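Trainee: Supplied in structure tokens, the structure appears directly below.
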Amino acid sequence: MHKDKLPLRGAWIEIDLDQLQHNLHSIRQLTGSKTLLMPVVKADAYGHGCVRCAPALVEAGADRFAVATLEEGVQLRETGVTTPIHCLGYLPPRQYPAALEYDIIFTVYELSQAVDISAAAVKSGRDATVHIKVDTGFTRLGFPVSEQAAEQIATISQLPGLRLEGVFSHFAAADFADKSFSVYQDQNFRTFLKLCGQKGVNFPIRHIANSAAILDMPQYNYELSRPGIILYGCRPSPEVKYPPNLSPVMSVKAEIARLMTVPADTFVGYGCTWQATRESTIATIPLGYADGFSRLFSNNGYVLVNGQRAPIVGRVCMDHIMIDVTDIRPSTPLHEGSIVTILGTDGKDSITADELAEKMGTINYEVLCLLGTRLPKVYLQNR
């Protein structure tokens, strides 16, 4: 039997494609119909599975997609995605021929890079679509805002085999309540555009707005915006206003593998870090840190059981966690095979990616990406 045909294991992710599409429609209402939307589906759609999410987003009106690597772009092409795909990150020169073959939009941030892409395009007989990246204050990738850089852009615009379609930058602090640095970056962006215009170079597509800017700074939507984390129903930060109609797309669920009643003083898990103070009912859940559920949740987190919080006891194992269900009210009697919620909503309570991120000392982006690695995904649509 092929691995894709195996019955579902005892822990899994549920991806609500209807909610994903709803989120995109809601984002469209924020940006307006004249702004192109380029959903960011890098990192396997932030752990949600780009092969299934991308077609659903096309169906909902996505204009193009953003990825971080050539491999991600090729994966989309080979699953039938025909909309433009923009690689936001670095491509080594050895990948240029393949990027041209699969019609991937290039990010260019150095003159020498543009020269090499041009040579590869001429050799292949295909034109390369290019977006210029500008460093307006992030200090990662991009041309500096200078007269010399504008002269280099003018040179690039004359290279054979290149189609200079767009220009973009990236906000460093759009998710802060204080927007002063974002204003500064946009001023730099506009200065760069003006310098290029003086050299006779104008760009059909300009883009700088990420998720936080879409929510808080609509004036920066330009011709295209790049929704990322908000597409998946998570807020960029607590400092950003967040509309209630954007809801999480991912849930994580698991079955109880074993229920046992243990006497007081019983130790649980590696290192004997938790000890029962009374007779307790312990449930074993087949999910662990190999599934992206951090060891930082050891004795420091909860799972929803019958809509109630059951504490994680003992250390998170590679493939299991243990929870104390002694105080869970038996609205539905628990048994081996009962479903619990690791991430998501059960009854009136929810465990969010923000809550997990706070316990880990990280951000919700990382939580989603980690959980999306090993767990199988179940896609829900048209319910």
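Trainee: Quick one: L141 ticks every box in (1) in contact with a Gly (Cβ under 8 Å, 6 or more places away or on another chain); (2) over 28 Å from S180 (Cα atoms) except a single one, so which number is it?
Mentor: Every condition holds for L141 apart from (2).
Trainee: Residues in the range 115-151 that are over 20 Å from H207 (Cα atoms) and part of a helix (DSSP H, G or I): how many?
Mentor: 13
Trainee: Whether any residue in the range 358-378 is without any contact (Cβ under 8 Å) to a residue 12 or more places away in the chain, under 24 Å from C53 (Cα atoms), within 27 Å of the chain's Cα centre (by Cα) and not in a loop (DSSP other than H, G, I, E, B) is what I want to check.
Mentor: For the range 358-378, residues without any contact (Cβ under 8 Å) to a residue 12 or more places away in the chain, under 24 Å from C53 (Cα atoms), within 27 Å of the chain's Cα centre (by Cα) and not in a loop (DSSP other than H, G, I, E, B): present.
Rundown of residues vs (1) in contact (Cβ under 8 Å) with a residue 24 or more places away in the chain; (2) over 24 Å from A43 (Cβ atoms); (3) over 24 Å from the mean Cα position of the chain (by Cα), yes/no style:
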site: Y96; (1), (2), (3): yes, no, yes
site: T107; (1), (2), (3): yes, no, no
site: S112; (1), (2), (3): no, yes, yes
site: S118; (1), (2), (3): yes, yes, yes
site: T129; (1), (2), (3): yes, no, yes
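Trainee: Then there is this: Checking V262 against (1) touching a strand residue (DSSP E or B) at 6+ places or on another chain (Cβ under 6 Å); (2) under 30 Å from V41 (Cβ atoms), which single condition isn't satisfied?
Mentor: Against the list (1) touching a strand residue (DSSP E or B) at 6+ places or on another chain (Cβ under 6 Å); (2) under 30 Å from V41 (Cβ atoms), V262 comes up short only on (2).
Trainee: Test L76 against the stated conditions and say whether it is part of a helix (DSSP H, G or I) and either touching a residue at least 60 places away in the same chain (Cβ under 8 Å) or within 27 Å of the chain's Cα centre (by Cα) (or both).
Mentor: Spelling it out, L76 is indeed part of a helix (DSSP H, G or I) and either touching a residue at least 60 places away in the same chain (Cβ under 8 Å) or within 27 Å of the chain's Cα centre (by Cα) (or both).
Trainee: Further question: Name the residue, out of E147, E110, E72, E101, that is in contact with a helix residue (DSSP H, G or I) (Cβ under 9 Å, 6 or more places away or on another chain), buried (at least 19 other Cβ atoms within 10 Å of the Cβ) and not small (G, A, S). Full working, then the answer.
Mentor: Numbers: E147 fails: buried (at least 19 other Cβ atoms within 10 Å of the Cβ); E110 fails: buried (at least 19 other Cβ atoms within 10 Å of the Cβ); E101 fails: buried (at least 19 other Cβ atoms within 10 Å of the Cβ).
The match here is E72.
Trainee: Could you grab me the full set of residues in the range 188-214 that are in contact (Cβ under 8 Å) with a residue 40 or more places away in the chain and part of a helix (DSSP H, G or I)?
Mentor: Result: N188, F189, T191, F192, L195, C196, Q198, A212, A213, I214.
Trainee: Surrounded by 22 or more Cβ atoms within 10 Å (Cβ to Cβ) and aliphatic (A, V, I, L, M): does that describe A154?
Mentor: On the way: surrounded by 22 or more Cβ atoms within 10 Å (Cβ to Cβ): no; aliphatic (A, V, I, L, M): yes.
No, not satisfied.
Trainee: A further question on this structure: Only one of S169, S182 is among the hydroxyl-bearing types (S, T, Y), under 19 Å from Y90 (Cβ atoms) and in contact with a Phe, Trp or Tyr (Cβ under 6 Å, 6 or more places away or on another chain). Can you tell me which? Don't jump to the end; show me each part of the working.
Mentor: Working: S182 fails: under 19 Å from Y90 (Cβ atoms).
Going through S169, S182 in turn, the sole match is S169.
Trainee: Which one of G73, G137, G89, G80 is farther than 22 Å from P39 by Cβ and assigned by TED's automatic domain parsing to the domain that holds F181?
Mentor: Numbers: G73 fails: farther than 22 Å from P39 by Cβ; G89 fails: farther than 22 Å from P39 by Cβ; G80 fails: farther than 22 Å from P39 by Cβ.
G137 is the lone residue from the list that is farther than 22 Å from P39 by Cβ and assigned by TED's automatic domain parsing to the domain that holds F181.
Trainee: Kindly list the number of the only condition in (1) modelled with pLDDT under 95; (2) crowded, with 16+ Cβ neighbours inside 10 Å that fails for L8.
Mentor: Here L8 clears every test but (2).
Trainee: Suppose we keep only residues that are modelled with pLDDT under 95 and either of a type outside the set (S, T, Y) or at positive phi (or both) within the range 239-273. Which one would you say is surrounded by the fewest Cβ atoms within 10 Å (Cβ to Cβ)?
Mentor: Start the filter on the range 239-273 by keeping residues that are modelled with pLDDT under 95, which leaves 241-245.
This time we only want the ones that are either of a type outside the set (S, T, Y) or at positive phi (or both), so: 241, 243-245.
Numbers: K241: 9, P243: 14, P244: 6, N245: 12.
So, considering only residues that are modelled with pLDDT under 95 and either of a type outside the set (S, T, Y) or at positive phi (or both), the one surrounded by the fewest Cβ atoms within 10 Å (Cβ to Cβ) is P244.
Trainee: While we're on this one: Test H86 against the criterion of being more than 29 Å from L159 (Cβ to Cβ), crowded, with 16+ Cβ neighbours inside 10 Å and not hydrophobic (A, V, I, L, M, F, W, C), and give yes or no.
Mentor: no
Trainee: Based on this model, can you work out whether A172 counts as surrounded by 15 or more Cβ atoms within 10 Å (Cβ to Cβ), outside any helix (DSSP H, G or I), out of contact with any Leu (no Cβ under 9 Å at 6 or more places or on another chain) and not polar (S, T, N, Q)?
Mentor: Judged against the criteria, A172 is a match.
Trainee: Mind checking whether some residue in the range 167-184 is under 26 Å from Y96 (Cα atoms) and acidic (D, E)?
Mentor: no
Trainee: Filter the range 326-356 down to the residues that are of a type in the set (K, R) and under 22 Å from R258 (Cβ atoms) and list them by number.
Mentor: R329
The values are calculated or read from the model by the stated rules, or taken from the named source; none is laboratory data. Keep in mind the model is a prediction, meaning the values are calculated, not measured. Using ideal geometry, Cβ is built from the backbone for each residue, glycine included, and neighbour counts are taken over all protein chains shown.
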